[in-house]
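Visitor: The structure under discussion is supplied below as structure tokens; questions concerning it will follow.
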Amino acid sequence: MYEKEKDLISAFLRGEVDRRGMLKGLGAAGLTAGTAGTLFNMMSTRALAADFDWKAHSGKKLKLLLNKHPYADAMIANLQAFKDLTGIEVTYDVFPEDVYFDKVTAALSSGSAEYDAFMTGAYMTWTYGPAGWIADLNEWIKDPTKTNPNYNWDDFLAGVKNSCAWNGQPGGALGSEDAKQWCIPWAFEQNNITYNREMFDKAGVELPKNLDDMIAVAAKLQKDIGGIYGIGVRGSRSWATIHPGFLSGYANFNQKDLNVGADGKLSAAMNTAESKAYHAKFVQMIQESGPKDWSTYTWYQVGTDLGAGASAMIFDADCLGYFMNGGDNKMAGKLGYAAFAANPEATASTPNIWIWSLAMSNFSKDKDATWYFLQWASGPEHALFGATKMDFVDPVRQSIWKDEIFREKLNKSYPGYVEMFDASAAGASIKFTPQPLFFDVTTEWAATLQKMVAKQVPVDEGLDQLAESINRQLQEAGLG
Amino acid sequence: MASTETLRRPASGFRISRKMLPYVLSLPALLVCIGILIPFFTAVVYSFQRYRLSQPWSRQFNWGENYLNFFTDPAFWNTLKVSLLYAGITVTLELLLGLGIALLLQRRSAVNNFISIMLLLPLMIAPALAALMWKLMTNPSFGILSYLASLIGLNDFRWASSPDTALLTVVLVDIWVYTPFIMILLLAGLRSLPTQPFEAAALDGVPRSFVFFRITLPMLTPYILTATLFRLLDSIQQFDIIYAMTQGGPGNTLTVFQVEAYLNFFQSTNVGRSAALLIILWAITYTLSNVFIKNWLRLRERARGEA
Amino acid sequence: MTTLQLKNIVKRYKSQTVLDDLTLDVADGERLVLFGPSGAGKTVLLRLVAGVIEPDEGRVLIGGEDMTDVDAEHRGVGMAFQNFALFPHMSAFDNIASPLTATKSPKEKIAAGVQKVAKLLKIDHVLSHHPKALSNGQKQRTALARALVGSPPLLLLDDPLRNVDAKLRFEMRLELPRLLAAEGATVVYVTQDYKEAMALGDRIAVMAAGRIRQVGTPQEIYNAPADIEIARLFGDPTINLLDVTPQRGGEGVFVELSNVRVRLADYGGDVVGRQRVLGLRPETISFVDAAAPGAIPVTVEAETPLNEKTVTLALTARGREILVSRPAGTPGPIAGPAHIAVNGSQAFLFDKASGVLLPRADLAAKRNGEAA
Amino acid sequence: METMSPLERALRGLALTLVVVFFMFPIFWIFLMSFQTNETILAIPPSVIFTPTLSNYAALITGKLQTAAGTLDIAFMSNLGNSIFLSVASVAVSLVLGVPAAYAFARHKFRGSEDIAFTLLSFRFAPPLLVLLPLTQYFQWLGLSNTYFGLIWVYQLICLPLILWIVRGYFEDISADVEYAYRIAGHSWFATFRKIALPLAGPGIAAAGLLAFIFAWNNFVFALVLASADKQPVTVGALAFVTSSGIQYGQIAAAIVLSVTPTLALALYAQRYLVEGLSLGAVKG
């Protein structure tokens, strides 16, 4: 049964037939997409198994700690393939994002051996790495006996890959020679604009070209459409408020969070004149056209509002906009995407990125087996499965972005998404200075923004206070 | 002397001596609690250390430095201020409201009893979930309360998301959850008061305000005191409602002790500061609960004496 | 039947000494009444014997065996409590049966035992009731039945009539001696009522402030109270106590009341010249004509007719109050001036400073006679 | 009080109405919301007229949550099960440990008893995080992390002091003579405890147990810090409805309704004990 089809898939996997050719062939053979997927997985499993002893750890058990996220859902949906391939039993705990990172901290700080691998962001590894909670993955990536030959580490986007590597020195450059690979990127989010095309048409406005323009466009949208607000950005008292749109625009003005001195000492850099000007504009934008209860806004509220048609655009993660364009969202199919450069003098968008990654717990009892999972989950086969069959948007492998079917799928329902990606990918990287006080700095930064928006403190004064407080904390921690 | 006499003892073997019995009975409970005491002392040790999870190499005893730093740390003073303010406002309002409702329901009747049972319902709802409920109701775009506020002209009322009204909003939730507790306590108190003084006062035509302030209130004092201290101790440690509603924001508006300590531990991974904050909170509650227990014992003695 | 010995018992609560080096022997089959004001330590003593509280020092011997360290359930005593201490969640039957269930007796035997004692106490018709459905008298009888049902050799009764009304108390006071005699147990009976003590006790031990002050037969205590306090506790109406200074005259020792000499026949010269307290039982005083010898003028203030006697309050010329008691139905003045006569041979003299009874010749002789 | 003017009567009625509205309205509104879809919930202005749907409850009970990003598995029913198990087991353990101890404190004034009792009560007032944060490490060493056993142990922090103090008050109210009488009748202390003290303190134990159950059920922070996904109760589990692909308001509302139903039912069923526990509990202990 399905012999012809299996041959076709094998040919694809050997590189003899391109993907489109393969799917065409399968379609011609009368296969439904679902069956094709199953077949495809089966055959990929076979192909993988041919060159590498995937069964070396058969019978072992792994446990994962996962965030409730479409990426995790995509992985779980494909998990059976891993079990079949390796014979390793995998269980997992899933937590909502509100408490997810607290759970990770709780598990790792207590030295729990319960979880072998877990989802994380690159920022978090700046705490986990120095604390000794996670393993440097170079040891496995660079060992051909432990990594399957199809893994293709070079296929990862360099900027993203490097953003997950740090030498542990406060202020040390990401991806330096002596950097440790704390985690493996899974998917990454660029922060750009997602907008409601209907509303933009109705109000007759163009896509904003810079921050001043954005302020004006947002205000006009809010005024002309009525019953909505102009622009959604996050505002909760958390690092999550700083890292998306806000920092992306900030970096576009060549501003930094911290200065690294020649002696390696860190000091606050957010009270420059340019920074103050940027803050003032950003604050003004929120005050004029942001959500009313901006200070409670997290990823969820920003997204839900856009999906429900309560906001005209967001300056946030691209995949957030992506999710809002599907499902039972009221505005599904009405959203568009665009890169955004806040600085009128900038040539391109320079988004700060969030990287959903996979890390290996240092307390794992069987790291080799864990690596089997990591290389499978971040391998090309699962990436393709996720990108084409599931909502595993924003893959980190170049090969996927080149994949025609993937690009076509995006272009069909997500206008501007691919262009947006192409326009800003070059400038996309983590704009933060890696250092262990990341969360102190960003939380306080967010709190200061909240005060400014609430007019509890003028912008320049607030930033001076912030810089002063951060310098004090850096010194207290022996970093400044 | 005893050795020459035959003692009548039960034939069966195991027997707990009379002196040991109370210890044997309370030992299991004690052991369970002592198991919990150990982490308490660990926390004390942490509070005297420079201890950040992200910088394990720099962990060392810095003795009082974490505490000394508080003196010059505006964030700490803000935490102290907000915690006390929150506790003060919630307890005062809940006391007044609870007393008012208890007075309204004082007379035993089917309707009053039914209402008093109904009013207990908020107490059955976990504060974290109650906060979630109120969050839904105060949502600026679709929340019913925001809509009602707009009907009375408060078009731009931002509830928990504005620093001006965030405290008010969480206090409102706290009142909603905990006033029934005070109400039921004072109601029990009111209904247990002897009737004679009131009948006598009514016969003599004493003004009702006088009766209230000179007879009712003093006689109700033990109940009011108990309710106040119970609530005060819980309120100064509030975590669930604030964490679920604003996580301490906006700005530093609501960074009460436990929320600040939680964020210090889980986000900044600054264990030393987190522990020091909690020790200070513990010192406050311990002092308050000491006052409470002393008063409680005294009141109980008095109540027993009268009985 | 058994004996009870208490040897040098000390019991303290915090800093307060409730029982102070107390020693007491109760003979086999004896009915001993512990009599004293509240707070004297009677109840504590009883519980100590029962074994529900422990002495700090001293030994408790029952039937000659040292029971000090034996738990209450193994002492085999029966006890009735002043407040009845019935088990509110059990029927009267189960209450009464509780000493029998402890011994794991067969059901029929238990039922028979309960029925028997309930019949004796006339509560067999309420056995199915719970305590809250019982009248006070029924509760008291249930409590008594519970104490009696196991036929304990030692029976401890803690003021069982205290919380019942006067009529019932009167009945029980008559009924109890019969009951207890029938039981044949050694009984320790606590009461604050001297009449109960007099009616029930083979001997009475008077307690005050944690000590035994006097032990003796009811008559001994009534006729020779060891001190003012005991004299005051025994007798209704209370004994008249008057400050006097005895003098020696031609006919012997006398005291002056309103300038009238009262001769104290049985006192010797050693009592003279100091401040003393004269104790006159109201029934040893009588109203007489003004002309009678030794008549003392008084003013009658009030008269209170009681059941079996009439008590009159009179004032002497110097304003001292005197109570006079006479059998009910005999005539006497109701108000205004009158005269009384005092039987000097029945008067007591106490030392004013220590309160101790000064030895009276006739009593000493009597005691000597008994000893012989 | 018996003589009320019509005006006063009206004012009282009005005040009571306001009170009832304030305390009942949120419950009523969330109840309505639980029968609405996200679309009708987000409608402006809010309306009480809508076509009720059971889809929120269906999603919770079947564990399949439809979102923009496909179907998500949610473990709400197992969270509910965890809540029930944790609360019941914690209260049961607390009763087994706490009632004898309460009895010891009430009946025997032994050396240091007041101090020990006070220490135990002061746990009730200690900041929970103070103990919780180091506890995560100890639990790791002891292998108790992510076990029901460990959670139930920590829940004793809430339940045990409560039961200890309320029940102690009830034991103290039982006349010692009643117990003495039973001892003297020839029964051991244990028989006396079982047959006399326990039945007589029964209502108090029920009240304390009920109260402890409610506090255990309502707990958030212990479970937040210590429980992993498969052990977590509804208070933490309710956060799961905030998904990365949108907030399911109707399901949050339905989850709240479902999660308070057991305590409400229990409380209404045993309201006599509840009122007693709440009022006397505070005064007694």
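Visitor: When you scan segment B:119-142, do you find a residue that is over 24 Å from the mean Cα position of the chain (by Cα), on the phi < 0 side of the Ramachandran plot and away from chain A (no Cβ under 14 Å), even just one?
Guide: no
Visitor: Starting from segment D:197-210, keep only residues that are of a type outside the set (Lys, Arg), then list their pairs with residues that are not in a helix (DSSP H, G or I) whose Cβ atoms are within a distance under 8 Å, requiring at least 6 positions of separation or different chains.
Guide: As it stands, the answer is D:ALA197/D:ILE174; D:PRO199/C:HIS89; D:LEU200/C:PRO88; D:LEU200/C:HIS89; D:LEU200/D:ILE174; D:ALA201/D:ILE174; D:ALA206/D:ALA270; D:LEU210/D:ALA270, since those pairs meet every condition given.
Visitor: Quick check on segment A:353-367. Is at least one of its residues over 19 Å from A:HIS69 (Cβ atoms), in contact with a Gly (Cβ under 7 Å, 6 or more places away or on another chain), modelled with pLDDT of 90 or more and not assigned by TED's automatic domain parsing to the domain that holds A:ALA317?
Guide: Yes, segment A:353-367 contains a residue that is over 19 Å from A:HIS69 (Cβ atoms), in contact with a Gly (Cβ under 7 Å, 6 or more places away or on another chain), modelled with pLDDT of 90 or more and not assigned by TED's automatic domain parsing to the domain that holds A:ALA317.
Visitor: While we're on this one: What residue, among those in segment A:86-106 that are more than 7 Å from chain D (Cβ to nearest Cβ) and in contact (Cβ under 8 Å) with a residue 60 or more places away in the chain, is nearest to the chain's Cα centre (by Cα)?
Guide: Out of the qualifying residues, it is A:VAL90.
Visitor: Considering only segment A:367-383, I want to know if a residue exists there that is within 14 Å of chain D (Cβ to nearest Cβ) and of a type in the set (A, V, I, L, M, F, W, C).
Guide: No, every residue in segment A:367-383 fails to be within 14 Å of chain D (Cβ to nearest Cβ) and of a type in the set (A, V, I, L, M, F, W, C).
Visitor: Considering only residues that are part of a helix (DSSP H, G or I) and touching a residue at least 24 places away in the same chain (Cβ under 8 Å), which ones fall in segment D:174-187?
Guide: D:ALA176, D:GLU179
Visitor: Here's another thing I want to ask about it. Quick check: anything in segment B:33-54 within 14 Å of chain A (Cβ to nearest Cβ) and aromatic (Phe, Trp, Tyr)?
Guide: Within segment B:33-54 (the criterion being within 14 Å of chain A (Cβ to nearest Cβ) and aromatic (Phe, Trp, Tyr)), the answer is yes, since at least one residue qualifies.
Visitor: Scan segment B:190-215 for residues that are under 28 Å from B:MET118 (Cα atoms), in a helix (DSSP H, G or I) and free of Cβ contacts under 8 Å to residues at least 40 places away in the same chain and jot them down.
Guide: B:SER192, B:PHE212
Visitor: Is there a residue in segment C:19-37 that is assigned by TED's automatic domain parsing to the domain that holds C:GLY210, over 26 Å from the mean Cα position of the chain (by Cα) and at pLDDT 90 or above?
Guide: Looking through segment C:19-37, none of the residues is assigned by TED's automatic domain parsing to the domain that holds C:GLY210, over 26 Å from the mean Cα position of the chain (by Cα) and at pLDDT 90 or above.
Visitor: Tell me, which residue of segment B:92-110 that is out of contact with any helix residue (DSSP H, G or I) (no Cβ under 7 Å at 6 or more places or on another chain) and within 8 Å of chain D (Cβ to nearest Cβ) is farthest from B:SER192 (Cα to Cα)?
Guide: B:GLY100
Visitor: Tell me, which helices (runs of 4 or more DSSP H) wholly within segment D:55-173 include 3 or more residues that are touching a strand residue (DSSP E or B) at 6+ places or on another chain (Cβ under 9 Å)?
Guide: Correct list: D:55-62.
Visitor: On the basis of being assigned to a helix (DSSP H, G or I) and either β-branched (Val, Ile, Thr) or crowded, with 24+ Cβ neighbours inside 10 Å (or both), does A:ASP440 make the cut?
Guide: When the stated conditions are applied, A:ASP440 passes them.
Visitor: Right, next: Return only the number of the condition from (1) within 26 Å of A:GLN255 (Cβ to Cβ); (2) touching a Cys at 6+ places or on another chain (Cβ under 7 Å) that A:ALA359 does not satisfy.
Guide: Among (1) within 26 Å of A:GLN255 (Cβ to Cβ); (2) touching a Cys at 6+ places or on another chain (Cβ under 7 Å), the lone unmet condition for A:ALA359 is (1).
Visitor: When A:LYS60 is evaluated against the numbered criteria (1) more than 18 Å from the chain's Cα centre (by Cα); (2) buried (at least 20 other Cβ atoms within 10 Å of the Cβ), which criterion, by number, is the only one it fails?
Guide: (2)
Visitor: Considering segment A:297-309 alone, what residues qualify as being surrounded by fewer than 22 Cβ atoms within 10 Å (Cβ to Cβ) and farther than 15 Å from A:ASP98 by Cα?
Guide: Answer for segment A:297-309, where residues must be surrounded by fewer than 22 Cβ atoms within 10 Å (Cβ to Cβ) and farther than 15 Å from A:ASP98 by Cα: A:ALA308, A:GLY309.
Visitor: Another question, then. When both residues are 6+ apart or on different chains and their Cβ atoms are under 6 Å apart, which pairs have a first residue that lies in segment D:256-277 and is more than 9 Å from chain B (Cβ to nearest Cβ), and a second that is surrounded by fewer than 22 Cβ atoms within 10 Å (Cβ to Cβ) and among the aliphatic types (A, V, I, L, M)?
Guide: The qualifying pairs are D:TYR273/D:ALA206.
Visitor: Restricting attention to segment C:19-61, which residues are surrounded by fewer than 22 Cβ atoms within 10 Å (Cβ to Cβ) and more than 14 Å from every other protein chain (Cβ to nearest Cβ)?
Guide: The answer is C:ASP20, C:ASP21, C:THR23, C:LEU24, C:ASP25, C:ALA27, C:ASP28, C:GLY29, C:GLU30, C:PRO37, C:SER38, C:GLY39.
Visitor: Can you tell me which residue among A:ALA203, A:ALA106, A:ALA158 is crowded, with 23+ Cβ neighbours inside 10 Å and not β-branched (Val, Ile, Thr)?
Guide: The unique qualifying residue is A:ALA106.
Here's the yes/no breakdown for (1) within 14 Å of chain A (Cβ to nearest Cβ); (2) surrounded by fewer than 21 Cβ atoms within 10 Å (Cβ to Cβ); (3) more than 20 Å from B:THR72 (Cα to Cα):
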position: B:THR246; (1), (2), (3): yes, no, yes
position: B:GLY251; (1), (2), (3): yes, no, no
position: B:LEU254; (1), (2), (3): yes, no, no
position: B:PHE257; (1), (2), (3): no, no, no
position: B:TYR262; (1), (2), (3): yes, no, yes
position: B:SER274; (1), (2), (3): yes, no, no
position: B:LEU281; (1), (2), (3): no, no, no
position: B:ARG298; (1), (2), (3): no, yes, yes
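Visitor: D:THR51 fails exactly one of the following numbered conditions: (1) surrounded by fewer than 12 Cβ atoms within 10 Å (Cβ to Cβ); (2) under 22 Å from the mean Cα position of the chain (by Cα). What is the number of that condition?
Guide: Unmet for D:THR51, out of (1) surrounded by fewer than 12 Cβ atoms within 10 Å (Cβ to Cβ); (2) under 22 Å from the mean Cα position of the chain (by Cα): (2).
Visitor: Something else: Looking at (1) of a type outside the set (S, T, N, Q); (2) within 14 Å of chain D (Cβ to nearest Cβ); (3) free of Cβ contacts under 8 Å to residues at least 60 places away in the same chain, which one does C:LEU161 not meet, given that it meets all the others?
Guide: (2)
Visitor: Here's a follow-up. Can you tell me which residues in segment D:11-48 are modelled with pLDDT of 90 or more, of a type outside the set (A, V, I, L, M, F, W, C) and over 26 Å from the mean Cα position of the chain (by Cα)?
Guide: The one that is modelled with pLDDT of 90 or more, of a type outside the set (A, V, I, L, M, F, W, C) and over 26 Å from the mean Cα position of the chain (by Cα): D:THR17.
Visitor: Which condition number does D:PHE190 fail, the rest of (1) farther than 23 Å from C:ASN83 by Cα; (2) within 14 Å of chain C (Cβ to nearest Cβ); (3) in contact (Cβ under 8 Å) with a residue 40 or more places away in the chain being met?
Guide: Checking D:PHE190 against (1) farther than 23 Å from C:ASN83 by Cα; (2) within 14 Å of chain C (Cβ to nearest Cβ); (3) in contact (Cβ under 8 Å) with a residue 40 or more places away in the chain, the one that fails is (3).
Visitor: While we're on this one: Are any of the residues in segment A:426-435 out of contact with any Pro (no Cβ under 9 Å at 6 or more places or on another chain), over 30 Å from A:ILE400 (Cβ atoms) and among the aliphatic types (A, V, I, L, M)?
Guide: no
Visitor: Out of curiosity, is A:ALA446 in the same structural domain as A:TYR322 (by TED's automatic domain parsing), among the small types (Gly, Ala, Ser) and more than 19 Å from A:PHE315 (Cβ to Cβ)?
Guide: No: the conditions fail for A:ALA446.
The values are calculated or read from the model by the stated rules, or taken from the named source; none is laboratory data. Owing to the predicted nature of the structure, the values given are computational and were not obtained by experimental measurement. Here the Cβ is made from the backbone with ideal geometry for all residues, glycine too, and neighbour counts use every protein chain on show.
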